[in-house]
Amino acid sequence: MNIVPNLFKSSLGRKYIMAISGGALFVFIVGHLLGNLQVFLGPEQINAYGNFLQTTPEILWSARIALLAMAALHIWSSLSLAAENRAARPVPYARWNPTVASYASRTMLMSGLIIAAFAFYHLLHFTVQMKSINLTGKDFLAFHDARGRHDVYRMMITGFSNPLVSGFYVIAIGLLCLHLSHGAGAMFQSVGFKNEVYGPWIDRCAKIAAGLIFLGYISIPIAVLLGYGREALK
């Protein structure tokens, strides 16, 4: 009966929470990427995908609530463990050698907070579709295709046609993947699935996965800036 309270109170339990919530967020990031890449299949495919999500609120809202819960748990456990570690060592190391840990591992907390801020902006931009922040002067809510569906294709092309938006997106995705390059491997360590034999392979796979995710996400704004989907701007 005390398992759940102890899970939140103990350091080990919070490490498990951070690892499990991080794993769930990683799965979402991959799934979201696969959904976004459908923009390269043309307006019919991406608009049909968007319409499916919008017309199945039981799936969409269940996913949103679960995602919000996982993000909240991940942020809370990360901040909690960071505060605990700082309290345990109020006096800094006499000789601090930053080369012992990778840059990604040393900046996990800061990159995570920046990513959270970007995710909030991204939701307002493409999910809430707030006109005042899309920098294009267009009302995304008014975009509809010939079938009356929300024109996700035109929205994405229009949104990423602004160099400032695309530049911010690429930088934020870079930080996200820097975070993933360490976090995906650390997740296995937190739940006890890493050892000296296959630990290096896990770390290597985490970096490769982060690199592929980075290339996948930035391919969309770069393609748009290079002219892909230009007909949607007319």
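The values are calculated or read from the model by the stated rules, or taken from the named source; none is laboratory data. Everything quoted here is computed from the prediction, not taken from an experiment. Note that each Cβ is placed from the backbone with ideal geometry, even for glycine, and that neighbours are counted across all protein chains shown. Ligands, DNA and RNA are excluded from the accessible area calculation, which covers all protein heavy atoms including side chains. Shrake-Rupley method; radii C 1.70, N 1.55, O 1.52, S 1.80 Å.
For the stretch 30-45, filtered to residues that are over 15 Å from Tyr217 (Cβ atoms) and of a type outside the set (Asp, Glu), the residue that is surrounded by the most Cβ atoms within 10 Å (Cβ to Cβ) is Pro43. When the stretch 89-109 is filtered for residues that are open to solvent by 50 Å² or more (accessible area, probe 1.4 Å) and either at pLDDT 70 or above or touching a helix residue (DSSP H, G or I) at 6+ places or on another chain (Cβ under 7 Å) (or both), the ones remaining, listed by number, are Ser102, Arg106, Leu109.
When you go through Ile213, Ile115, Ile218 one by one, which is the residue that is over 30 Å from Lys15 (Cα atoms), of a type in the set (A, V, I, L, M, F, W, C) and touching a residue at least 12 places away in the same chain (Cβ under 8 Å)? Quick ask: steps written out before the conclusion?
Working: Ile213 fails: over 30 Å from Lys15 (Cα atoms); Ile115 fails: over 30 Å from Lys15 (Cα atoms).
Going through Ile213, Ile115, Ile218 in turn, just one is over 30 Å from Lys15 (Cα atoms), of a type in the set (A, V, I, L, M, F, W, C) and touching a residue at least 12 places away in the same chain (Cβ under 8 Å): Ile218.
Any residue in the stretch 140-147 that is of a type outside the set (A, V, I, L, M), open to solvent by less than 60 Å² (accessible area, probe 1.4 Å), at pLDDT below 95 and out of contact with any Asp or Glu (no Cβ under 7 Å at 6 or more places or on another chain)? Yes, the stretch 140-147 has at least one match. Within the stretch 5-31, residues that are farther than 23 Å from Arg86 by Cβ and in a helix (DSSP H, G or I) have Cβ atoms under 8 Å from residues that are open to solvent by less than 50 Å² (accessible area, probe 1.4 Å) and β-branched (Val, Ile, Thr) in these pairs: Ile20/Val191; Ile29/Ile213; Val30/Ile213, counting only partners at least 6 apart in sequence or on another chain. Here the stretch 123-137 is the region considered, the condition is being part of a helix (DSSP H, G or I) and free of Cβ contacts under 8 Å to residues at least 40 places away in the same chain, and the residue that is surrounded by the most Cβ atoms within 10 Å (Cβ to Cβ) is Phe126.
Mind checking which residues of the stretch 52-65 are assigned to a helix (DSSP H, G or I) and either open to solvent by 50 Å² or more (accessible area, probe 1.4 Å) or of a type in the set (Ser, Thr, Tyr) (or both)?
Keep residues of the stretch 52-65 that are assigned to a helix (DSSP H, G or I), which gives 52-54, 57-65.
Selection gives Phe52, Gln54, Pro57, Glu58, Ile59, Trp61, Ser62, Ala63, Arg64, Ile65.
Yes/no per residue for (1) in contact with a strand residue (DSSP E or B) (Cβ under 9 Å, 6 or more places away or on another chain); (2) over 20 Å from Ile115 (Cα atoms); (3) at pLDDT 85 or above:
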| site | (1), (2), (3) |
| --- | --- |
| Leu180 | no, no, yes |
| Gly183 | no, no, no |
| Met187 | no, no, no |
| Ala206 | no, no, yes |
| Ala209 | no, no, yes |
| Ile218 | no, no, yes |
| Tyr228 | no, yes, yes |
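Is it fair to say Lys207 is open to solvent by 60 Å² or more (accessible area, probe 1.4 Å) and among the charged types (D, E, K, R)? Yes: the conditions hold for Lys207.
Which residues, counting only those in the stretch 138-185, are β-branched (Val, Ile, Thr) and free of Cβ contacts under 8 Å to residues at least 40 places away in the same chain?
So in the stretch 138-185, the residues β-branched (Val, Ile, Thr) come out as 152, 157-158, 165, 170-171, 173.
Result: Ile171, single match.
Scanning the stretch 154-166 finds no residues that are modelled with pLDDT under 75 and outside any helix (DSSP H, G or I).
Yes or no: Ala24 in contact with a helix residue (DSSP H, G or I) (Cβ under 9 Å, 6 or more places away or on another chain) and open to solvent by less than 20 Å² (accessible area, probe 1.4 Å)? When the stated conditions are applied, Ala24 does not pass them.
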